[in-house]
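We did not get these values from a lab; they are worked out from the coordinates using the rules stated. Every value quoted in this text rests on a predicted model; they were computed, and no experiment measured them. With ideal geometry, Cβ positions are generated from the backbone for all residues, glycine too; neighbour counts draw on all protein chains shown.
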Amino acid sequence: MKKVFGTIIAMGIMLSSFSVQAGDCAVHYKRTACPGQEAISYKKCDGNQECTKNKEAGSVEECRKVATKSCSNSRLDITKSKAITAMYKGTAIQTASGKDDFCLEYEKKDAEFNKCDK
């Protein structure tokens, strides 16, 4: 009985530590929709312009990569642009050059943002 109870406690500790790790990187999305496309653009945030999603990251650098990847925009005629900020373990993080918005340094921003009329 003690062995079973100890195993249950150990499993609970492992699960709780996993769930903390799984949510260590909080990515905050703020979308700007193309005119008339608000409903579709904001759908990924349950109809809101802004939302925060918890992502897995084992370090600040991994969280930076996740945040930068979140800038990706394949819906060029729906979402005009995004602003992405992030927190790692509850502390705000910035790009390597010190910017809060990761999309300002996103390498494909010129190709993927501000394309509503094209």
message: Taking loop as defined by DSSP and a crowding limit of 13 other beta carbons within 10 Å, which GluC sites (Glu not before Pro) in region 34-118 fit?
response: 56, 107
message: Give me 24, 117 sorted ascending by neighbouring Cβ count inside 10 Å, so fewest comes first.
response: 117, 24
